[in-house]
Structures are given as structure tokens and as C-alpha cells.
Amino acid sequence: MIYTTPNSGTGSILGTSPEEIDTPRQGSDRFLLTAVIVLMIFGVLAVYSSIAWFAETRGTTAGTLVTGHLVKLAIAMVVMLIASKIDYHLVARYSRAAVIISWVLLVAVLIYGEVVFGARRSLTIGGISFQPSSVAIVSLLVHVAVLLHEKQEYIKDFKRSFLPILFWVMPTFFLIGMEDFSSAVLLLAICLILMFIGRISTVQIATFVLIGAIGAGALLSSSDERQSRVQEYVGQITQINSSSFEPGAGYQAQQSYIAIAQGKLFGVGIGKSTQRDFLPAPYNDFIYSIIAEEYGLAGAGMILLLFLFILLRGVVHIARNAPDNLGILLATACTLTIALYGFVNAAVACGLLPVTGLPMPFVSYGGTSMLFTALMVGILLNISKHNKNRNSTFYYG
């Protein structure tokens, strides 16, 4: 669905500005910002509780690593505030160049990247290590939103609309998917939702799904580790036997289930987790398990409610009241990315999805993904500055 407004969906965003769409400036969405800050606070406490073993393996202390996490949170806040000051139309102008740069970085990481936990995802340039996949995800989503906005006049045209979008989405999907399959699949799903909102035809959406399924199948079959994770998930562990706990198939899921079960309703208490010594990456991939253990169902449920609030605030309020189609699409893309990453991380910890390795935004130990998630929140905050209620017509297609 998408709003219809005067001159909406035609032309290029390059000449669009808030003055042209006559949108009054207002403050950023404080409710969204508050929810993000609360997630950060939860994250600091959870990281401090879960990072002791990791600190020992690095020859340092938990306090030192938590201080580093706080520094990254501070940088993320600065990125968020700066992005909230930059008009989202200006951000959109450079989306094409950003995607091309991300392709170069993704190719570089396949050749020169560092192998961590069996995957080559990090690249070090000038002493700074980062994950190019985070750059690619944000860049592509912004560019897809731009393309859908610019092509509204002929959005049903296969050659002029669908193929150009496919040209940008599929190479990014495959480049990310070679080393980070779960992020690639989630990216494809968000692009699919954007295409539906952007009024791409049903036939073209079905074609996109088919191409994506074939691509995902090819990436899945190319890795024995991915296949084993899916097989583990399909053949769900039905009985936990502590005498059979060995590193390997099902080990992460087993330890996560134990952590969640020990938490019960109100948890074992802050800093009293025992499963942090057994769970691989409890400070990142399985941080939700530590939260469930220490804060119980109450704390774990609050985390999910915060992500649900962000989802509703971003889509129902910010996107729905955006002044133009570009704002609608960008707000939806950013909101879905933040919320789905949070929900998927929690679902993996609970055994509802196969082990993926996706971090929980603003809660997991800081890294590249936190900075680019902060960038997306900044874009959302900027869009919210131009929001206004208006009576609009919706198209479904």
C-alpha cells in the first residue's frame, strides 16, 4: 500500500525537498528514541553479565569489554543524532553510490576477510574492523525505496521497474549470502515487503519470490554447515540429556533452552547466569537467552514488547504519516530491519528458528551492525520531523 498525493510517485527524488512538499518541521519522535535507549540499557546489563568468559579468552576483563561496549553505544548515539539532522532526501541521493561501494567491500571481504566462527565476514581497513554486510543492507534498502518511489508512474512495467530493482537486489543478496546466509534471506524478505507496499504487480512479486527461493536454495546447498543447521532444526531436539552435551550438533540450542528454563517468571537475578559459561557467544547471538535466565519471562517479554513498540511506532505512526512515498518506504524499511532482527534473534534463542548468528539490535555486544542500526534509527527520526496527519487514499497491489 502507498499514499497517493499530488505529484506523488513521479519524477526523481533528487529535486524533492521538505519545502516542496510543504511539510512543517517538528521535533523527532521521542517515543521511538526512548524505546531505543531502554534497549541500550538492557544491553549494557546483559553484556556485563555474559561477557566474563569471553574476556578471559581475550586476556582482559569484563569491565574493559563493557567499557568498549559503552564507547560503541556512545558512538552509535552520535551517529543516530547526526543522521536525524540530515534530510532523508539527501541520504537517498547517494544510495546508488553506496550500494556500489558496498559491492566492492563485499568482494574484498570474500578475498581478504577475517574468519570468525567459521565465516569470513569482517574486513579490516586502516586498523578498523567492520562487517561490509551491514553497509550493504542499509545501502540496498535505501536504494530500493528510492527506485520504488521514482518508478511509481510506471511501477507495473516489467522492464522499466521490476528488472532495475532486481539488478540491484540479487547481486547484493548473493554477495552477502556467501558468508552470511541469514542476513541475506532477511534482506530479501524486507525487499519483498517493500515491493508489495510500492505496488509492484502480483506476478512480478511471485517472480521475485521464485528467483529468491532458487537463490536461497543454491546458497543453502553450497554449505554443509548451513544444511546441518536446517537438519537440526527440522529434527528438533525433543529431549535434553545432559550426559550427551558435546560441542557440535544442537549444543547451542540445548544450552539456550536450559538458560530460558532456569529463568522461570522473574529470573535468577542480575549477574547470576550460569549458562553464560556454556553458551557460545552469549554476549551476541544468544544474549536473549541470558536475559531470559536473569530476568525471567518478565524481562524477556519486555524486550519483545520494546521491539513490537518500535515496529508499531515506525510503521503505524512514522511511515503512515510520512509526507511523501519515499518517506513511507524508507521508514518501513528501517523499522522492519530493526524489529525483525530483534524478533529473529529471540526466536533462535527459543528454538523457533534455526541458529542464524544475527545480533539483537542495541542489546548484543557492540559492532558494525549497531552503528548502522543507529543510522537507520536516525533516518526514522528525521522522517518523523516531517510527519503530518493527512487524509490519504491507499492502493493495494
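The residues listed here are I291, I328, I310; of these, the one that is more than 19 Å from V344 (Cβ to Cβ) and outside any loop (DSSP other than H, G, I, E, B) is I328. Of the listed requirements (1) touching a residue at least 40 places away in the same chain (Cβ under 8 Å); (2) farther than 30 Å from S256 by Cα, G212 misses just one: (1). Listed by first and then second residue, the pairs linking a residue in the range 223-236 that is within 16 Å of Q254 (Cβ to Cβ) to a residue that is assigned to a loop (DSSP other than H, G, I, E, B) and at pLDDT below 70, with Cβ atoms under 8 Å apart and 6 or more places separating them unless they lie on different chains, are S228/A249; E232/A249; E232/G250. Please verify whether L192 is more than 20 Å from K151 (Cβ to Cβ) and at pLDDT 95 or above, treating the condition exactly as stated. No. Counting only residues that are among the β-branched types (V, I, T) and either buried (at least 18 other Cβ atoms within 10 Å of the Cβ) or at pLDDT 95 or above (or both), which one in the range 316-331 is nearest to G198 (Cα to Cα)? So, considering only residues that are among the β-branched types (V, I, T) and either buried (at least 18 other Cβ atoms within 10 Å of the Cβ) or at pLDDT 95 or above (or both), the one nearest to G198 (Cα to Cα) is I328. If you filter the range 122-163 down to residues that are touching a helix residue (DSSP H, G or I) at 6+ places or on another chain (Cβ under 6 Å) and part of a strand (DSSP E or B), you find that the one that is nearest to D324 (Cα to Cα) is F130.
From the list F372, F343, F278, the lone residue that is surrounded by fewer than 24 Cβ atoms within 10 Å (Cβ to Cβ), over 27 Å from A145 (Cα atoms) and hydrophobic (A, V, I, L, M, F, W, C) is F278.
Filtered by the rule that a residue be without any contact (Cβ under 8 Å) to a residue 60 or more places away in the chain and among the acidic types (D, E), the range 275-323 gives a lone residue, E293.
Of all the numbered requirements in (1) in a helix (DSSP H, G or I); (2) within 21 Å of G263 (Cβ to Cβ); (3) of a type outside the set (A, V, I, L, M, F, W, C), P359 misses one, and that requirement is (1). Taking the criterion of being assigned to a helix (DSSP H, G or I), out of contact with any Ser or Thr (no Cβ under 9 Å at 6 or more places or on another chain) and closer than 24 Å to E150 by Cα, the residues of the range 80-89 that qualify are A83, K85, Y88.
Taking the stated definitions as given, is A76 surrounded by 14 or more Cβ atoms within 10 Å (Cβ to Cβ), at pLDDT 85 or above and among the small types (G, A, S)? Before the answer, list the steps.
Values: surrounded by 14 or more Cβ atoms within 10 Å (Cβ to Cβ): yes; at pLDDT 85 or above: yes; among the small types (G, A, S): yes.
The answer is yes for A76.
L297 fulfils the conditions (1) within 26 Å of Q254 (Cα to Cα); (2) crowded, with 24+ Cβ neighbours inside 10 Å; (3) touching a Leu at 6+ places or on another chain (Cβ under 9 Å) except for a single criterion, (2). Of all residues in the range 195-228 being touching a Gly at 6+ places or on another chain (Cβ under 8 Å), of a type in the set (A, V, I, L, M, F, W, C) and more than 20 Å from V142 (Cα to Cα), which is modelled with the highest pLDDT? Residue satisfying both the conditions and the ranking: A216. There is no residue in the range 12-26 that is charged (D, E, K, R) and either modelled with pLDDT of 65 or more or closer than 26 Å to M360 by Cα (or both).
Within the range 294-313, can you find the residues that are of a type outside the set (A, V, I, L, M, F, W, C) and touching a Lys or Arg at 6+ places or on another chain (Cβ under 8 Å)?
E294, G296
Tell me, which residue of the range 262-288 that is among the β-branched types (V, I, T) and part of a loop (DSSP other than H, G, I, E, B) is modelled with the highest pLDDT? Top of the filtered list is V268.
Does T61 qualify as being modelled with pLDDT under 90 and out of contact with any helix residue (DSSP H, G or I) (no Cβ under 9 Å at 6 or more places or on another chain)? Here the answer is no, as T61 does not meet what is asked.
Taking the listed residues M170, M195, the one that is closer than 20 Å to L340 by Cα and assigned to a helix (DSSP H, G or I) is M195, with no other qualifying.
Go through the range 233-261 and give me each residue that's of a type outside the set (A, V, I, L, M), at pLDDT 70 or above and out of contact with any Pro (no Cβ under 6 Å at 6 or more places or on another chain). So that I can check it myself, show each step before the final result.
Initially, the range 233-261 is screened for residues of a type outside the set (A, V, I, L, M), giving 233, 235-236, 238-239, 241-248, 250-252, 254-257.
Filter once more, so that each one left must be at pLDDT 70 or above: 251-252, 254-257.
Result: Y251, Q254, Q255, S256, Y257.
Taken as a whole, the structure leaves L105 outside the set of residues that are in contact with a Pro (Cβ under 6 Å, 6 or more places away or on another chain), surrounded by 14 or more Cβ atoms within 10 Å (Cβ to Cβ) and outside any helix (DSSP H, G or I).
The values are calculated or read from the model by the stated rules, or taken from the named source; none is laboratory data. Treat the numbers as computed from the prediction; the structure is a model and nothing was measured. Positions of Cβ are backbone-derived with ideal geometry, glycine not excepted, and every protein chain shown enters the neighbour counts.
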